[in-house]
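Here is the structure we will look at.
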Amino acid sequence: MSTTIPSLGALQASLSVCRRCADAGYFIGSTPISTLNAGAVFMTVGQAPGRHEAEVTHRPFSGPAGKRLFRWLAQAGFDEAEFRATQAMVAITRCYPGPHPAGRGDRVPTRAEQALCAPWLDAELALIRPRVLIPIGGLAIGRFLGNGTAMTGLIGGRFERDGRIVVPLPHPSGASQWFNVRENKVRLAQALEILAALREELRGA
């Protein structure tokens, strides 16, 4: 990918025909999936699209995990339709990576796939310049906050990275065991309170 992208529209056009991972021999179960809005203040960053997104909607977080995510965001005062229309929703890798070899959930993209896809996220951050990043799940949290701290030490916190506010959330997958711990539900509630305050603070920004 060229290091110079003249506009968000040009970036979207280039992303839509990306074949980097497929050409490198990795299984790709969809074309790239993301939602980009030039004036976005908030940007969610997930791991990768799921089967439902790939086969049915072609929209980020629109399957069962997405329903759960937007129930959380509703608690912070966000309306789903408005959020999708005005904010940015991307992922560490943009194509459905296929099912997990063990048969439960989706395959986790390899580090090589993450590296091949990274320039898209870098370009989007430079062009959109969101004020708040919401990394969702361990893979995305590690991208912005490093891989050395467990989610229990990060969820419920507000961080500053490269001039942006970072508010991590757990992955909303129904298969996650993270929510079996009562204290983790408290951490999630704290994170949503932070997002609610930021929504008010940055309204109209």
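The values are calculated or read from the model by the stated rules, or taken from the named source; none is laboratory data. Here the structure is a predicted model, which means the values were calculated and not measured. So basically every Cβ, Gly included, is an ideal-geometry build from the backbone, and we count neighbours across all protein chains shown. Side chains included, ligands, DNA and RNA excluded: accessible areas come from the protein's heavy atoms. Shrake-Rupley method; radii C 1.70, N 1.55, O 1.52, S 1.80 Å.
Over the chain, what is the percentage of antiparallel beta bridges among all DSSP beta bridges, to the nearest 5?
Roughly 30 percent of the DSSP beta bridges within the chain come out antiparallel.
Write down the accessible area per residue of segment 105-163 in Å², having rolled a 1.4 Å probe over the full set of protein chains.
Computed with neighbouring chains in place, this is 47 Å² per residue.
At what distance in nm do the modelled label points of Gln12 and Phe179 sit from each other, each positioned 7 Å from its Cα along Cα→Cβ?
Spacing of the two 7 Å Cα→Cβ label points: 3.2 nm.
For the chain, what relative contact order do you get, as a whole percent, if you take Cα pairs closer than 8 Å and at least 6 residues apart?
24
Who wins for biggest fluctuation among Ala191, Ala150, Ala88 in a Gaussian network model of the chain, springs between alpha carbons below 10 Å?
Ranking Ala191, Ala150, Ala88 by mean-square fluctuation puts Ala150 first.
For percent of Cα pairs over 27 Å apart, several values are listed as (1) 26; (2) 31; (3) 23; flag the one computed from this structure.
The calculated read-out lines up with (1).
Give me the one-decimal nm value for the distance between modelled label points at Gln190 and Thr31, 7 Å along each residue's Cα-to-Cβ direction.
4.3
Given the options Asp79, Asp106, Asp162, which has the most mean-square fluctuation in a GNM of the chain, springs set between C-alpha atoms less than 10 angstrom apart?
For the chain, modelled as a Gaussian network with Cα springs under 10 Å, the answer is Asp162.
With a sphere of radius 13 Å drawn around the Cβ of Ile136, what net charge do the other residues whose Cβ falls strictly inside it have (Lys, Arg +1; Asp, Glu -1)?
The answer is +2.
Please compute the net charge surrounding His100, taking Lys and Arg as +1 and Asp and Glu as -1 over other residues with Cβ under 15 Å from its Cβ.
Value of the local net charge: +1.
With springs only between Cα atoms under 10 Å, which of Arg59, Arg104, Arg164 fluctuates most in a Gaussian network model of the chain?
Among Arg59, Arg104, Arg164, the largest mean-square fluctuation in the Gaussian network model of the chain belongs to Arg104.
With each label point set 7 Å from Cα along the Cα-Cβ vector, what nm distance links His100 and Thr149?
So the two model labels end up 2.6 nm from each other.
Please name whichever of Ser34, Phe179, Leu8 sits farthest to the positive end of the charge dipole of the chain, dipole taken about the Cα centre and charges placed at Cβ: Lys and Arg +1, Asp and Glu -1.
Selected residue: Phe179.
Apply 1/(1 + (r/R0)^6) to the Cβ-Cβ distance of Ala81 and Arg203, taking R0 = 22 Å, and write down the FRET efficiency to the nearest 0.05.
Calculated transfer efficiency: 0.80.
I'd like the carbon and sulfur percentage of the solvent accessible area for the chain, probe radius 1.4 Å, heavy atoms only, ligands and nucleic acids excluded.
51
On a C-alpha basis, how far is the centre of segment 115-189 from the centre of segment 17-41 in Å? Whole number, if you could?
Going from one Cα centre to the other spans 20 Å.
Based on the Cβ-Cβ distance of Ala38 and Ala74, what FRET efficiency does E = 1/(1 + (r/R0)^6) give at R0 = 35 Å, to the nearest 0.05?
FRET efficiency, Ala38 to Ala74: 0.90.
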